[in-house]
Amino acid sequence: MIQLRARHVWTWQCNHEDLTESHAIQIQPATFHTVFDNRPDLHNTLDLIIITHNHIDHTRALRAVVEQFSVLRYIDNGQLTGTGTANPNWVRANAQTGGRNVVIRQIANTDVTSLPDKNGLTDDTIDPVNCAVTDPKIAVLSGRRDDNPGWTHEDFDNKNNHSIVIRIDFGKASFIFTGDMEQPAIETLLEWYKDTPTLNADVYEVGHHGSHNGTTSNLVEAITPKIAVISIGQWNDGQNSICFFNITLKESHAPRAP
Ligand SMILES: [Zn+2]
């Protein structure tokens, strides 16, 4: 099983021909217990966790998940200071304790841009699953930037802009996840892939929880999604205020921080 993003939990399960989404808002151990209770053949094992960036709303329950289940691989962008980094640092410190054997990986953007082709970065850690029926293909399209590509200092210090971007191809279906990436980083991403079909996908998980700064018209035109999925908190939880993104109008509303 693969789990993508700590806040937005998507599951791909071998032996199922179709994508299964667990409809979880954040990683909560209860979510995984629910999945595993129905799939004892998975042996409480997560092949991969990817944290797009280390903000607390993406890492809050990471330690509990790693403690309660068998996690084989863990990927983040390697930014390990500031809010939300306690659990990513705990995973690193405890990758080999308590009977665990977690492969730790951190991805910088140069890992992606140094490739000869602009198809994204993939290997056995990023894409560890080989399913017989429909084998998902997982690639990382962007990672932590060590050099400022021309953003303001504020934008460069904003961890959202260093989000890992993920593409998944699952049979004939394709998916793009941009994490909480905001406008400056989106523009840089678009510039890199402008002459390629790499961003073109069927399903777009709307960036930054549907915030106005997580999606641009140019991004939507590059992805040309058929389906947009927004992962947000409860309508009235005070943190994730009501927001919506209208693909037709190419507008989004509701500012959000972080
Ligand atoms: Zn977030």
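The values are calculated or read from the model by the stated rules, or taken from the named source; none is laboratory data. In this text, all values refer to a predicted model and were calculated from it rather than measured experimentally. Don't worry about glycine lacking a Cβ; one is built from the backbone with ideal geometry, like all the others, and counts go over all protein chains shown.
Observations on the model:
Yes or no, residue by residue, for (1) under 25 Å from residue 80 (Cβ atoms); (2) basic (Lys, Arg); (3) out of contact with any Ser or Thr (no Cβ under 9 Å at 6 or more places or on another chain):
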position	(1), (2), (3)
137	no, yes, no
152	yes, no, yes
157	yes, no, yes
166	yes, no, no
179	yes, no, no
190	no, no, no
195	no, no, yes
202	no, no, no
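- Note on segment 168-177: residues that are more than 25 Å from residue 85 (Cα to Cα) and either modelled with pLDDT of 95 or more or buried (at least 16 other Cβ atoms within 10 Å of the Cβ) (or both) amount to 6.
- So residue 91, is it under 24 Å from residue 46 (Cα atoms), in contact (Cβ under 8 Å) with a residue 24 or more places away in the chain and part of a helix (DSSP H, G or I): yes
- Failed condition for residue 228, given (1) farther than 15 Å from residue 175 by Cβ; (2) modelled with pLDDT under 90: (1)
Here's the yes/no breakdown for (1) buried (at least 20 other Cβ atoms within 10 Å of the Cβ); (2) within 25 Å of residue 137 (Cβ to Cβ); (3) modelled with pLDDT under 95:
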| position | (1), (2), (3) |
| --- | --- |
| 22 | no, yes, yes |
| 44 | no, no, yes |
| 56 | no, no, yes |
| 104 | no, yes, no |
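- Criterion applied to 191, 182, 154 was being free of Cβ contacts under 8 Å to residues at least 60 places away in the same chain, of a type in the set (Asp, Glu) and farther than 22 Å from residue 76 by Cα, and the one residue passing it is 191.
- Screening segment 124-224 for strands (runs of 3 or more DSSP E) wholly inside it with 2 or more residues that are charged (D, E, K, R) returns the ranges 165-170.
- Hits in segment 69-88 (condition: in a loop (DSSP other than H, G, I, E, B), modelled with pLDDT of 95 or more, over 20 Å from residue 32 (Cα atoms) and not polar (S, T, N, Q)): 78, 80
- Segment 52-78: number of residues that are under 16 Å from residue 104 (Cα atoms) and within 13 Å of the ligand (Cβ to nearest atom): 4
- Test: residue 115 is buried (at least 18 other Cβ atoms within 10 Å of the Cβ), more than 16 Å from the ligand (Cβ to nearest atom) and free of Cβ contacts under 8 Å to residues at least 24 places away in the same chain: no
- Applying the criterion of being in contact with a strand residue (DSSP E or B) (Cβ under 6 Å, 6 or more places away or on another chain) and crowded, with 19+ Cβ neighbours inside 10 Å to the residues of segment 178-202, the residue that is farthest from residue 149 (Cα to Cα) is 201.
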